[in-house]
Amino acid sequence: MPEIIVDHLTHTFGKGTPDALTVLDDINLTFESGSFNAIVGTSGCGKSTLLKMMAGLFDPSDGRMTLDGDVIRGTDRRRGMVFQQDAVFPWMTVAKNISYGPRLRGAGRAEQREIEAKWTEMVGLKGFEDRWPRELSGGMRKRVDIGRVYANDPDVLLMDEPFGALDAQTKERMQSDLLAAWAQSRKTVVFVTHDLEEAIFLADRIVVMSARPGRIRHIEQVSLPRPRTDEMRLTDEFIQVKRRLWEMLDH
Ligand SMILES: Nc1ncnc2c1ncn2[C@@H]1O[C@H](COP(=O)(O)OP(=O)(O)OP(=O)(O)O)[C@@H](O)[C@H]1O
């Protein structure tokens, strides 16, 4: 099963140079298969760096990460990443954006159609299959991004503040829709955000990082039942968790 283990990971940008900057220091974590994990921490504590290394965009200077026991090295379709900025191709329709990965892998037309139909529906874009990205709102483009990553059927979904640029209402809707899609697929998710409410609403487990160099300060188990509903955001339990986490962050 797709379990990620981060084992004594330390990362120094420019290691061995006068400008060396250690951003992550001895990180040890296990992300269990099928779990929804969030990473929070103040700006610059190394959240994105950790996630990018999980994606295989670059290697840690010390320590290692494994997915099901295999050392993570380089990008791989088992690990899909969604960034804050849109990564949609403006010259492809919604459907073609979504089936881009399978098409690259040589999927036949029938399989592409099936994947397009499934994922446009799952991400709430049914009826928009033939639209161009320029005709979509920011939230809809984000849905295309997520659909495209899901269409590759990764084991692990790595999300770096994917909803950071959206307005509050759209963000809440996107969070609920993401949970609905996740409930069906149960992929292992690692979701980076600086928004505590977002982390609590989405995750089973929240990793709180301290800054400079980034270390694990605390791991919070979120016991809110699933499916999560918007009303839960107003419960005492939710607010207590938010206060506890807020007090832990470096302000
Ligand atoms: N390629 C790089 N070369 C040198 N330093 C880098 C590089 N990428 C990031 N850094 C530095 O590493 C530190 C951590 O950056 P990172 O983007 O991982 O933080 P973050 O916690 O995701 O922050 P934010 O919430 O603001 O996105 C910062 O001080 C940043 O300037």
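Summary table below
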| quantity | calculated |
| --- | --- |
| Verdict on Val149 being at pLDDT 90 or above and more than 19 Å from Asn97 (Cα to Cα) | no |
| Some residue of region 19-30 being among the β-branched types (Val, Ile, Thr), more than 10 Å from the ligand (Cβ to nearest atom) and open to solvent by 10 Å² or more (accessible area, probe 1.4 Å) | yes |
| Any pair with Cβ under 7 angstrom, 6 or more apart, that starts in region 71-90 at a residue that is within 17 Å of Asp59 (Cβ to Cβ) and ends at one that is of a type in the set (Lys, Arg) and assigned to a loop (DSSP other than H, G, I, E, B) | none |
| Test for Asp62: is it more than 11 Å from the ligand (Cβ to nearest atom) and open to solvent by 60 Å² or more (accessible area, probe 1.4 Å) | yes |
| For Arg109: the one exception among (1) within 15 Å of the ligand (Cβ to nearest atom); (2) more than 19 Å from Pro154 (Cα to Cα); (3) of a type in the set (Lys, Arg) | (1) |
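Listed here are the residues, each with its yes/no results for (1) within 13 Å of the ligand (Cβ to nearest atom); (2) closer than 20 Å to Met53 by Cβ.
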position	(1), (2)
Asp153	no, no
Glu172	no, no
Gln175	no, no
Asp195	yes, no
Ala211	yes, yes
Leu224	no, no
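The values are calculated or read from the model by the stated rules, or taken from the named source; none is laboratory data. Everything numeric in this text was worked out from a predicted model, so none of it was measured. Reconstructed Cβ throughout: ideal geometry from the backbone, glycine too, with neighbour counts over all protein chains shown. Side chains are part of the model used for accessible areas, which takes the heavy atoms of the whole protein and leaves out ligands, DNA and RNA. Shrake-Rupley method; radii C 1.70, N 1.55, O 1.52, S 1.80 Å.
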